[in-house]
Each structure stands twice: as C-alpha cells, then as structure tokens.
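To keep things clear, I will list the structure first and then write my remarks on it.
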Amino acid sequence: MIEVVVASRNTEALDICTYELASVDGSPLPAFSAGAHIDVHLPDGLVRQYSLCNHPQERHRYVIGVLKDPASRGGSRSLHEQVHEGARLSISEPRNLFPLVHDARRSLLFAGGIGITPLLCMAERLAHSGADFELHYCARSSERAAFVERLKASPFAEQVFLHFDEQPDTALDIAHVLAAPADDVHLYVCGPGGFMQHVLDNARAQGWQEACLHREYFTAAPVDNRLDGCFSVKLSSSGQVFEVPADKSVVQVLESHGIEIAVSCEQGICGTCLTRVLEGVPEHRDLFLTEQEQALNDQFTPCCSRAKTALLVLDI
Ligand code: FES
C-alpha cells in the first residue's frame, strides 16, 4: 500500500476529472508500464481500479481519469464528491493486466469514452519508441471527451482520430480500419461493454486472431442470477467442504469461515482471485480469462463464478 496526496484535480470534460497523485514525502513512485492500473482505496471503504494515463516514464506522479458515472456503484461518485486537492489516499502499486506487445509491427488502439485512459498511456509509450500505431477515440460528444487538447498538442497528433457521435462525418469506419489483420498487428480496446463488443466482433469477422486482440473492461455487465442454485466447494488441503448458497459467492462463503482469498474488483475483471480447480466444472462469469482458458475449466474466479457441477474441488 502506498500513501499518496492529491497534488491536483482538474476537470477534463463533462463529468470527467483527473487526479494527480504524488507520494506524501515527495519520493519517486514505483515505475509502471503502459496499460497499468492502481487500486484506489476510497474514503468510504470501497476499492476501485483506475488506469494510469500519464507518461509511463514519469515517477513523480500517477494520473488517473475518473468519469462520474450515473450508474456508479459508489466509487466514481465518492471520488468526485469527496476527494479534492490535498486529500490523502491509499493506493496499491501499479499492476498491468493490459500490457502492450512490444515486438508488434503495428498497434491499433480503440478507446470508447473514459476507456481512453490506459490507451493514452499506451499512445505515449508507442510514440516514445517510434512505433507504428493509430489511436481511435470515440465519444458521444466533444464536451464529453477528455484529453482532446493534450492529444492535439502531442507529437503523435497525426496518429489520433477523433470520432464523435454528434458529428456523423467523423464516424469510425471500423471495417476499413480493421481490414488488414496480421500476426504482428495488435488491437487494444477499452471502453463501455457495447463499444468493446462492436470492435471485437468486427475484428473477428475480418479474420483477426484472438492472440492479437487485447481488451480491458471497466465493469462487468449485470448478470441475471435469479436461476442461481447452490453447490459445494471442497478445499484440497484440508478436505473441508462448504456449501455455497445461491445468494453468496465462493469468496464470501470461504471468508465467513476464516479463509481469505485476495480480491480486488470482485466482479471477474481483474483476475486477483484466480483459483485452480482440481475437480468439477466451473460456470465462468468473469471477463478476465479468455474463452480458451475458460474451456480448460482448471481455474476460475471465485468472486463471481459459480459451478455447473454439484462440487468443485479447489486447490486451496
Ligand atoms: Fe477481480 Fe475476482 S477479484 S476477478
């Protein structure tokens, strides 16, 4: 855990603020790579993940961009309403679940709305190394698009394409942009679920290989859990068996028996809770594992995933 102070807070666009975080004693912060995020511990006890959007060579600060989401589960509202310049926060060290493939011949970055944050950092990194890339930034309107001035003033401004819903002549021609898949061309996408699905579906339709598609989700889509049933989990080390009722997660059940599994997002996005499954078939509800990894059924995310079989034996 790192204690930081909010060195500055700026309004970047309608409902979007950036927070510049610096160490309390002015010492350099741990290094990070493009695509990394930090866990931010908020005043009311919530923990939320935010991508770092400053240049990855900077050590004197981390910058996060936060959209005040009307559907907020409390995190973005808490930051917007309670965290001002001078406030102190606890954060984790940066972790990167959305890294760049550094030997790519070409990279295509697709940002939807606040999904620009990790891709902005990637664009800085790619430009710094002279790599071939394009950044496509889609937003509902120019007033809702953060960092536009920074992008226009950047050395890579010519590689940035802005697409605003309110300006039909700027519409993203996704089929054209994705027309030339290749093993050494990589696609990165971050934004609302529907936007990401649109980009990924188009890429697959054009023959892109899964290994070239990289994504980072902000929030999981709501899951219909009305038909959830109960199942049991067995710990391979002790042989203990616990019943998981329909309204509890595996993590919650184990925690109530004093068995802690490290969690962060608690919605199947970050992979922190990933646990090996030795027997039984999980019902995967995460967005972290690829479809191929899920099909192996040898690991699952106990913060949200459930079971298709009556018993799962866990490597705990
Ligand atoms: Fe993030 Fe389970 S805690 S995937």
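The values are calculated or read from the model by the stated rules, or taken from the named source; none is laboratory data. All figures in this text were calculated on a predicted structure; none of them were measured in a lab. Cβ atoms come from the backbone with ideal geometry, glycine included; neighbour counts cover every protein chain shown.
Tabulated data
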item: Subset of segment 134-151 that is farther than 25 Å from residue 104 by Cβ and of a type outside the set (Ser, Thr, Tyr) - its residue that is surrounded by the most Cβ atoms within 10 Å (Cβ to Cβ); result: 146
item: Neighbours by Cβ (under 8 Å, 6+ apart or cross-chain): first from segment 279-293, surrounded by fewer than 19 Cβ atoms within 10 Å (Cβ to Cβ); second modelled with pLDDT of 85 or more and of a type in the set (Asp, Glu); result: 290/210; 291/210; 292/210
item: Criterion (of a type in the set (Lys, Arg), under 25 Å from residue 150 (Cα atoms) and assigned to a strand (DSSP E or B)) met by exactly one of 9, 48; result: 9
item: Segment 87-96 - residue that is assigned to a loop (DSSP other than H, G, I, E, B) and out of contact with any strand residue (DSSP E or B) (no Cβ under 6 Å at 6 or more places or on another chain) and, of those, surrounded by the fewest Cβ atoms within 10 Å (Cβ to Cβ); result: 93
item: Residue selected from segment 227-256 under the condition of a type in the set (D, E, K, R) and surrounded by fewer than 17 Cβ atoms within 10 Å (Cβ to Cβ), by the criterion farthest from the ligand (Cβ to nearest atom); result: 243
item: Tally, over segment 257-295, of residues that are within 10 Å of the ligand (Cβ to nearest atom), over 17 Å from residue 39 (Cα atoms) and among the polar types (S, T, N, Q); result: 1
item: Residue match in segment 299-309 (condition: among the aliphatic types (A, V, I, L, M), more than 12 Å from the ligand (Cβ to nearest atom) and crowded, with 17+ Cβ neighbours inside 10 Å); result: yes
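Per-residue answers, yes or no, for (1) over 18 Å from the mean Cα position of the chain (by Cα); (2) at pLDDT 95 or above; (3) surrounded by fewer than 17 Cβ atoms within 10 Å (Cβ to Cβ):
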position	(1), (2), (3)
8	yes, yes, yes
21	yes, yes, no
26	yes, no, yes
48	no, no, no
59	yes, yes, yes
